[in-house]
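**Q** Okay, handing you the structure first.
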């Protein structure tokens, strides 16, 4: 591992953000966003390239050295790491060894049976990582960075499950450090017209809003501005709609994943959010959720 130069007079960061780079324009475009995020977190950047052989590793060292020298000239704390092996395995392992708090990468979408899915490397990283993974589509980087003068809002879907609560816990931790607010979202069944005695009972939307307000009070006690939104459409659609209503946003959710023809893949809600969102998506992997639950 090559260590980047420390900016004079500035103590080294205590936390790190890992950015996998494979030499493609797609992965390089994500670096711009990762730099901005690491600076907001006051974190060190770890740039990782995974090669298939010794020759590839030598080229990776040269490639990362060029990028690292540019970051060093800007006073950005960084380290570069060229490894050999399976990309997904090495990304997850490197993040754990360095005690990173976040992996920032492109989903590298692929097509399976005519349906666009999150790429297999991102799938497998999320499956094995103990570290949250932020997925951002490269074509969205410029529009996402345009509003960094205002901290992004964290959009968190709550359905009463332990997984949703875990996503909120991570979002709360990041929001406190970024100065972000949190938008709590819950999707319910479509409302029905109530008549007679039924008018005296709460609708599903009323119950959902009461639940969100109770959670909002707890989050607000941490000094985080919190808003509640209840919708009646599909969960993934409403999360994306809520994010689109913000000047800048990050959608946070957990995923269990499921097993399909090609093995473990992202849960359907997570996959559809990543494919359709105009904002970064913070995915809490199953292993990260288990870690925080201990």
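The values are calculated or read from the model by the stated rules, or taken from the named source; none is laboratory data. Note that this is a predicted model, so its numbers are computed, not measured. All Cβ positions, glycine included, derive from the backbone under ideal geometry; neighbour counts span all protein chains shown.
**Q** With respect to residue 263, determine if the residue is at pLDDT below 85, touching a helix residue (DSSP H, G or I) at 6+ places or on another chain (Cβ under 7 Å) and at positive phi.
**A** When the stated conditions are applied, residue 263 does not pass them.
**Q** Checking residue 94 against (1) crowded, with 18+ Cβ neighbours inside 10 Å; (2) out of contact with any helix residue (DSSP H, G or I) (no Cβ under 8 Å at 6 or more places or on another chain); (3) modelled with pLDDT under 85: exactly one of these is not met. Which one?
**A** With respect to (1) crowded, with 18+ Cβ neighbours inside 10 Å; (2) out of contact with any helix residue (DSSP H, G or I) (no Cβ under 8 Å at 6 or more places or on another chain); (3) modelled with pLDDT under 85, residue 94 is out only on (3).
**Q** Please pick out the residue among 31, 81, 64 that is buried (at least 17 other Cβ atoms within 10 Å of the Cβ), closer than 21 Å to residue 128 by Cα and at pLDDT 85 or above.
**A** On the way: 31 fails: closer than 21 Å to residue 128 by Cα; 64 fails: closer than 21 Å to residue 128 by Cα.
When all the criteria are applied, what remains is 81.
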